[in-house]
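Shown next, in structure tokens, is the structure this report addresses.
The values are calculated or read from the model by the stated rules, or taken from the named source; none is laboratory data. All of these numbers come straight from a predicted model, not from anything done at the bench. Here the Cβ is made from the backbone with ideal geometry for all residues, glycine too, and neighbour counts use every protein chain on show. Surface accessibility is based on the protein's heavy atoms, side chains included, excluding ligands, DNA and RNA. Shrake-Rupley method; radii C 1.70, N 1.55, O 1.52, S 1.80 Å.
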Amino acid sequence: MDDETRAFLEFLAWQRASVLAIIDGLDEEALMTSVLPSGWTPLGLVEHLGHAERHWFQEIATGSAVPLPWPDDNTPLITSRPPSVVLEFYRDQCARSDAIVAALPLSSPPRARHPGYLGDQITDLRGVILHMIEETARHAGHLDIVRELIDGKTGLGPR
């Protein structure tokens, strides 16, 4: 693996670790309760990130994705699945993403197109990785704020 790929994976891994560290220690009730007017839950956001990993690395980068382990319920940022199921899903999708990055050159063009403006901007695997670093970091920040609202804890995560 070249230095650029390794650096991208390290930055993505730090963001993923932050997501998991921020929610660590929350009980099921806290993970499944919204504290913001928009209604999303911490666990729903983690599930969303799992779907984003699957979409960008499998559907877009390779053109094919393993089937979801449940019917697509189209309820954004909320889930009825238990934490253990969502966390396993998220970790599995991240591992699949890492395997795809390890197997393809960064210059690999996407095999499918994301709808909307990002479809025009993402022209190779490098762009997919950068987008997922951005997406994961953005949502880690959301989780940071929600965690502070839930129990006052701040500064969680590896960085």
Tell me the label-point distance for the pair ALA103, ARG159, using the 7 Å Cα-to-Cβ offset, in nm and rounded to one decimal.
-> 2.7
Tilt, helix 125-151 to longest principal axis of the chain (alpha-carbon atoms), in degrees rounded to tens, equals 0
Judged on accessible area alone, 1.4 Å probe, highest first, HIS131, HIS48 line up as HIS48, HIS131
Pull out a ≥ b ≥ c, the square roots of the eigenvalues of the alpha-carbon gyration tensor of the range 1-119, then state rounded if a/c is under 1.5, prolate if not and a/b is larger than b/c, and oblate in the remaining case.
-> prolate
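Go ahead and estimate [θ] at 222 nm for the chain from helices alone: -39,500 (n - 2.57) per DSSP H run with n ≥ 4, summed, over the residue count, rounded to 500. It would help to have the intermediate numbers written out before the result.
Details: 6 runs with 90 residues, N = 159.
Value at 222 nm, helices only, nearest 500: -18500 deg cm²/dmol.
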So how tilted is helix 83-103 from the main axis of the chain? Cα-based, degrees 0 to 90, rounded to 10.
-> 20
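Full extension from SER64 to THR123: what is 0.36 nm times the residue separation minus their Cα-Cα distance, to one decimal in nm? Show your work: numbers first, answer last.
Numbers: separation 59, 0.36 × 59 = 21.24 nm, distance 1.71 nm.
Full extension of this stretch gives 19.5 nm more.
Accessible area per residue of the range 1-102 at 1.4 Å probe, in Å²?
48
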Rounded to the nearest 10 degrees, the helix 42-53 long axis (Cα) sits at an angle to the longest Cα principal axis of the chain of 10
Added length on full extension, which subtracts the Cα-Cα distance from 0.36 nm per residue, SER80 to ILE150 = 23.3 nm
Please report how far the C-alpha centroid of the range 85-127 lies from that of the range 1-63, rounded to the nearest whole angstrom.
-> 13
